[in-house]
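Novice: Please read through the structure below; I'll follow up with questions.
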Amino acid sequence: MTRPAIELRGITKTFGSIVANKNIDLDVRYGEILSILGENGSGKTTLMNMISGIYFPDAGQILINGHEVVIRSPKDAFAHGIGMIHQHFKLVDVFSAAENIVLGHEEKRFNKKAIAAEVREICELYGFDVDPEKKIYEMSVSEKQTVEIIKVLYRGADILILDEPTAVLTPQETEKLFAVLRRMRDAGKAIVIITHKLHEVLSLSDRVSVLRKGEYIGTVKTAETDETALTEMMVGKKVSLNIERNDPKSLEKRLEVKDLTCIDREGTQVLSNISFSANGGEILGIAGIAGSGQRELLEAIAGLQKYQTGEILYFDPATGETESLKDKTPMQIRELGVRLSFVPEDRLGMGLVGNMDIVDNMMLRSYRGGKSAFLDRKKPKDLADEIIEELEVATPGVHTQVRKLSGGNVQKVLVGREIAAAPTVFMAAYPVRGLDINSSYMIYNLLNKQKENGVAVIFVGEDLDVLIELCDRILVIGSGQITGLVDARRVTKEEIGLLMTRSVSSDGAAPEKEGEKE
Amino acid sequence: MKDAAALQKREKGEPLFHITKRAEIVWWKAWLIRLAAIAASLIVCAVISLLLGDINPFSFFGSMLNGAFGTARRCWNLFYELAILLSISLAVTPAFKMRFWNIGAEGQALIGGLATAACMYYFGGRIPTPLLFVVMIAASILAGMIWAVIPAVFKAFWNTNETLFTLMMNYVAIQLVTFMINFWVTSGSGTLPPMSAYALPTVGNAWILNILVVALLTVAVYIYLRFSKHGYELSVVGESENTALYVGINVKKVIIRTMLLSGALCGVTGLLLVGGTDHTISTSTVGGRGFTAIMVSWLGRFNPLFMVLTSFLLAFLKAGANQVSNDYKMNGSISDIITAVILFFVIGCEFFIQYRIAFRKHGKEEK
């Protein structure tokens, strides 16, 4: 039963200067479920995309059933019996399930009855519950996922790769999916699931392979491991960064979020009952698996994300007044005198305009000033010169398009502009992502300087070492809920890791207690 | 041995070439590619003319030049054509810069022309001529604005597809013109006779006024896009709606305002065509320029000054190619073929400016 299905030998893939996968060895066997575990950006999806023919590896070998193969396209992957179920479904909305299942499958004539019969057969075999005649647009997310799975089975896949299959499912749907996956395993298929949820790994898989920052850490048998051991493999040993950190002084409440609940367009609750406050003179870190609601939270504060219930209050340090920011646009928030700076996660898609030069990007916040119908480019140019000099931005000149700068320099331009607005609240989402060491430290220093000036800094990060050394307090969120609020000076990496990977609803434990226990 | 075989197998599997985006290209290289493209297109045109009509390539190009610049009249015509095409291109450019694909310039200009014609028809001779001009200008601009703002409002509030919407508005405009002509003309001819008595005044000759107005508009649109706050806002909205929201730009307002401007400029084109040169209206008054304008604007990278060059290229091709089909007694298809070949190369070469083609490197596998 443990015949190897896929063997990866020394797989490496780089995107420009970023190494997504470095020299990875991995075995997938028939008749077992293998979990690939890792934080976001650890290279899980890239690795699986190379097996399913979306990317081509730079180096290394892929062996399928013991033979070396070249997989150039998803079609090649199918020919080798590999089927991938992507996180974002690739289905035609106006087609029925059966039509989607045969789509692109050339050999067979389009005979609706025969297809429907075959689909039913697969359904019965593994216990799927789906109507082949139903149109995709009428289906729930879980039904769509079922169609995706049947699609690859119909094409005769023996190796199934599922990219974060439970991210969009309710707990009941997750259980149903797991039952199906177990049945497929028992039928001898090789199953790979990509995930970062520890409890799912433990309840479902036979073995776990862990990736961290593009590197292969190791593979363990699920029966021989536990949450703590896996967390340690996932987050790694503590690395000392020696980021300067002063004790916060003269703390004053600047921002209060009360019972914030936010439901997105698809009806998913992306934030539920979030309550916390941010103080001037400290750095509040926000930790969590990417996509746990960090973006929505910051955008709600900035007036970019509507929320159903709850309130956000701002305490003005100049006037001492309290303002509610609920249902206000970014413009109205600014008109209230709230000096809020925001470095969003998507730098070129939100914080800056990639096709404009540095000067024009400097104007984004300030161009409205003055009564003239025409732009004043003098002050923005001075500001651009100042930022280039002070933050050592490597650029041919102030009139270079921002998208042509390297990631670190783009970030310096953005952070520089936001700091120049003299904020009282400074929010930054993943400000050092993709930056080299020097630029990262420069950003840390800038944030520290803001903190010393009495600004309330909110820092959303992914590197736990940075969060622990830079922040004063860390708020941990998981699946849109607060799972802990901890003192950054006393917490350990594993504790945060555990808080990140659990969800409040499934085990029901009160999060605060958990955080203070040790 | 086994390794070598595996290596060979892999090389076979690797694609023959990769296409990669260029980071940056020196300006002279870009122009070299463009010149090479134009040279190549001329060679292809010469071969086609040789094969199809047995025409000597040199007399072929001579005929093209003659068609564009042969006589003073032809020169004026060329510049007039350039001006009209440019004015309608200027109209669509603010919308395009905002990534609002207004392909309804044809209809917006036509409806502007219809408003002008209606003013001439109803008020001509009844109100003082200077007042008539004011009414004509106001009516044409207003009509263009209405035609453009309807799809804009739907886009802004309900996110409808502006491409389809503006396209469909063209047909409504054309039908409306047909209807009005039938309504006004009771004789059997079916065409509206020129109302030259109420036409806009001429400066020098019949073309100069139009050319002057368009020259002014070119500078004005350039300044608007480059130096005004409105122009800045619409660029931000076009580049990234998320960024616009992030800095607090009212996206709906910008969409509607920009389309009002776009429609107004289309209306002016209609005014120039009907009030300035034709003095009458038909469904072909705009003559497809509303669609050619899309190409002018794109090729000119939405920069009004570059667009002068691209509309010159298109006006030149049109005049030259017509002359070729006249001189050699060929039907109109030859001019379409020539225009298409040249445009194919000119547009196609942009691909090589943006991307680089890297061929598979043998033996570089093992490092």
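The values are calculated or read from the model by the stated rules, or taken from the named source; none is laboratory data. Values in this document were obtained by computation on a predicted structure and should not be read as measured data. Positions of Cβ are generated from backbone atoms using ideal geometry, with glycine treated the same way; all protein chains shown enter the neighbour counts. To get the accessible areas, we keep the full protein, side chains included, count just its heavy atoms, and leave off ligands, DNA and RNA. Shrake-Rupley method; radii C 1.70, N 1.55, O 1.52, S 1.80 Å.
Novice: Relative contact order for segment A:351-422 using alpha-carbon pairs under 8 Å, separation at least 6, rounded to a whole percent?
Specialist: Working: 71 pairs, mean separation 29.5, N = 72.
The normalised contact order for segment A:351-422 reaches 41 percent.
Novice: So, one more: Given H placed 1.01 Å from N in the peptide plane, which residues other than close sequence neighbours of A:L162 have an amide H under 5 Å from its amide H?
Specialist: A:I85, A:V192, A:I193, A:I194
Novice: Now for a different question. Once you have the Cα-Cα distance between A:D376 and A:T261, take 0.36 nm times their residue separation minus that, and quote the gain in nm to one decimal.
Specialist: Values: separation 115, 0.36 × 115 = 41.40 nm, distance 4.11 nm.
37.3 nm is the gain from fully extending A:D376 to A:T261.
Novice: Then there's this: Among all lysine pairs in segment A:351-422 that are eight or more places apart or on different chains, how many have alpha carbons less than 20 angstrom apart?
Specialist: Values: A:K371/A:K379; A:K371/A:K381; A:K379/A:K412; A:K381/A:K404; A:K381/A:K412; A:K404/A:K412.
Taking segment A:351-422 as the scope, the lysine pair count is 6.
Novice: Give me the percent of DSSP beta bridges within segment A:4-235 that run antiparallel, rounded to the nearest 5.
Specialist: On the way: 23 of 43 bridges.
So the antiparallel bridges in segment A:4-235 amount to around 55 percent.
Novice: Also, I was wondering about something else. Roll a 1.4 angstrom probe over the protein heavy atoms and tell me the percent of accessible area of segment A:168-281 that is carbon or sulfur. Mind showing how you got there, number by number?
Specialist: Values: 2640 of 5650 Å².
C and S atoms contribute 47 percent here.
Novice: Right, another one. For segment B:112-202, rounded, prolate or oblate, judged on the Cα gyration tensor with a ≥ b ≥ c (square roots of eigenvalues), a/c < 1.5 rounded, else prolate if a/b > b/c? Intermediate results must be reported in sequence, preceding the final value.
Specialist: Values: a/c = 3.51, a/b = 1.64, b/c = 2.13.
It comes out oblate by the Cα gyration axes.
Novice: In square angstrom, what is the accessible area per residue of chain B with a 1.4 angstrom probe?
Specialist: Values: 18030 Å² over 367 residues.
About 49 Å² of surface per residue is accessible.
Novice: For A:K253, list the aspartates and glutamates whose Cα falls under 18 Å from its own Cα; do not include residues on the same chain fewer than 8 positions away.
Specialist: A:E282, A:E311, A:D316, A:E321, A:E323, A:E452, A:D472, A:D487
Novice: If I model the protein assembly as shown as equal point scatterers sitting on the Cα atoms and use the Debye formula, what is log10 I(q)/I(0) at q = 0.07 Å⁻¹?
Specialist: -0.76
Novice: Leaving ligands, DNA and RNA out of it, work out the accessible area of B:S284 with a 1.4 Å probe and give it in Å² to the nearest 10.
Specialist: That residue has around 80 Å² of solvent-accessible surface.
Novice: If you don't mind, there's one more thing I want to ask. Mind pulling the angle between the C-alpha long axis of helix B:2-13 and the longest principal axis of chain B? Nearest 10 degrees, somewhere in 0 to 90.
Specialist: Value to nearest ten degrees: 10.
Novice: Using only the heavy atoms of the protein chains and a 1.4 Å probe, how would A:L435, A:L447, B:L212 rank by accessible area, largest first? List each step's numbers first, then the result.
Specialist: Numbers: A:L435 25, A:L447 5, B:L212 95 Å².
From most accessible down to least: B:L212, A:L435, A:L447.
Novice: In nm, to one decimal, how far is the A:N445 label point from the A:D186 one, both placed 7 Å along Cα→Cβ?
Specialist: 6.2 nm
Novice: Simple spin-label model, 7 Å along Cα-to-Cβ: A:A421 to A:R72 in nm?
Specialist: Going from the A:A421 label point to the A:R72 one covers 5.0 nm.
Novice: In addition: Note down, for chain A, the three equivalent ellipsoid semi-axes (square root of 5 times each alpha carbon gyration tensor eigenvalue), biggest first, whole angstrom. Mind showing how you got there, number by number?
Specialist: Working: eigenvalues 385, 129, 119 Å².
After diagonalising the Cα gyration tensor, the semi-axes are 44, 25, 24 Å.
Novice: Right, next: Leaving out same-chain residues fewer than 8 places away, which aspartates and glutamates sit with a Cα under 15 Å from that of A:K112?
Specialist: A:E99, A:E121, A:D131, A:E133
Novice: Let me ask something additional. Just grab the label-to-label distance for B:F179 and A:N111, each label 7 Å out from Cα along the Cβ direction, in nm (one decimal).
Specialist: With each label placed 7 Å out from Cα toward Cβ, I get 5.5 nm.
Novice: Among A:H88, A:I191, A:G369, pick out the residue whose Cα is farthest towards the positive end of the charge dipole of chain A, where Lys and Arg carry +1 and Asp and Glu carry -1 on C-beta, about the Cα centre.
Specialist: In chain A, that residue is A:G369.
Novice: Then there is this: Under the definition of Cα pairs under 8 Å and six or more residues apart, what whole-number percent is the relative contact order of segment A:91-169?
Specialist: Working: 68 pairs, mean separation 31.5, N = 79.
Computed over segment A:91-169, the figure is 40 percent.
Novice: At a 1.4 Å probe radius, carbon and sulfur cover how many percent of the accessible area of segment A:351-422?
Specialist: Numbers: 1730 of 3210 Å².
Carbon and sulfur: 54 percent of the exposed surface of segment A:351-422.
Novice: Treating cross-link reach as a plain straight distance, find the lysines whose alpha-carbon is under 17 Å from the alpha-carbon of A:K113, omitting any fewer than eight places away in the same chain.
Specialist: Partners within reach: A:K134, A:K135, A:K151.
Novice: What is the calculated FRET efficiency for A:K404 to A:T268, with r their C-beta to C-beta distance and R₀ = 56 Å, to the nearest 0.05? Let's see the in-between values first.
Specialist: Values: r = 37 Å, r/R0 = 0.66.
Efficiency at R0 = 56 Å is approximately 0.90.
Novice: If you don't mind, another one. For the full complex of protein chains and a 1.4 angstrom probe, list A:H80, A:H196 by accessible area with the highest value first. Write down the numbers at each step before the final one.
Specialist: Details: A:H80 65, A:H196 20 Å².
Sorted by accessible area, descending: A:H80, A:H196.
Novice: Hey, which of these cross-link pairs are over 20 Å Cα-Cα: B:K97/B:K229; A:K449/A:K493; B:K155/B:K229?
Specialist: Details: B:K97/B:K229 14 Å; A:K449/A:K493 25 Å; B:K155/B:K229 22 Å.
Too far apart for the 20 Å limit: A:K449/A:K493; B:K155/B:K229.
Novice: When the solvent-accessible surface of protein heavy atoms is calculated with a 1.4 angstrom probe, in what order do A:E418, A:E124, A:E469, B:E241 fall, highest first?
Specialist: So, going from the largest accessible area down, we get A:E124, B:E241, A:E469, A:E418.
Novice: At 0.36 nm per residue, and after removing the present C-alpha to C-alpha distance, how many nm does the segment from A:E138 to A:Q87 gain when stretched out fully? Kindly include the intermediate steps, with their values, before the conclusion.
Specialist: Working: separation 51, 0.36 × 51 = 18.36 nm, distance 1.91 nm.
Full extension of this stretch gives 16.4 nm more.
Novice: With contacts defined as alpha carbon pairs under 8 Å and 6 or more residues apart, what's the relative contact order of segment B:86-194 in percent?
Specialist: Working: 95 pairs, mean separation 35.1, N = 109.
Contact order relative to length: 32 percent.
Novice: Express in nm, to one decimal, how much length is gained between B:T283 and B:F58 on full extension, taking 0.36 nm for each residue of separation and deducting their alpha carbon distance. Please report the intermediate quantities before stating the final value.
Specialist: On the way: separation 225, 0.36 × 225 = 81.00 nm, distance 3.79 nm.
Between B:T283 and B:F58, full extension yields 77.2 nm more.
Novice: Non-local amide H neighbours of A:E345 (under 5 Å, H modeled in plane, Pro and chain starts lacking H): which ones?
Specialist: A:A429
Novice: Further, regarding this structure: Leaving out ligands, DNA and RNA, calculate the buried accessible area for the pair B and A with a 1.4 Å probe, summed over both sides, in Å² to the nearest 100.
Specialist: Values: alone 19450 and 24140 Å², together 40890 Å².
Summing both chains' loss of accessible area gives about 2700 Å².
Novice: Here's something else I'd like to know. If you consider only alpha-carbon coordinates, what radius of gyration and Dmax does chain B have, in Å?
Specialist: Considering chain B through its Cα atoms, Rg and Dmax are 24.7, 98 Å.
Novice: Can you give the FRET efficiency for A:D385 and A:K253, using 1/(1 + (r/R0)^6), R0 = 22 Å, r = Cβ-Cβ distance, to the nearest 0.05?
Specialist: 0.05
Novice: Please list 3J(HN,Hα) in residue order for segment B:111-127, calculated via the Karplus relation 6.51 cos²θ - 1.76 cosθ + 1.60 where θ = phi - 60°; whole Hz, with x for glycine and proline.
Specialist: 5, x, x, 5, 4, 4, 4, 4, 4, 5, 5, 8, 9, x, x, 9, 10
Novice: What FRET efficiency would be calculated for the residue pair B:L142, B:W31, taking the C-beta separation as r and a Förster radius of 45 Å, to the nearest 0.05? List each step's numbers first, then the result.
Specialist: Working: r = 43 Å, r/R0 = 0.95.
The calculated FRET efficiency here is 0.55.
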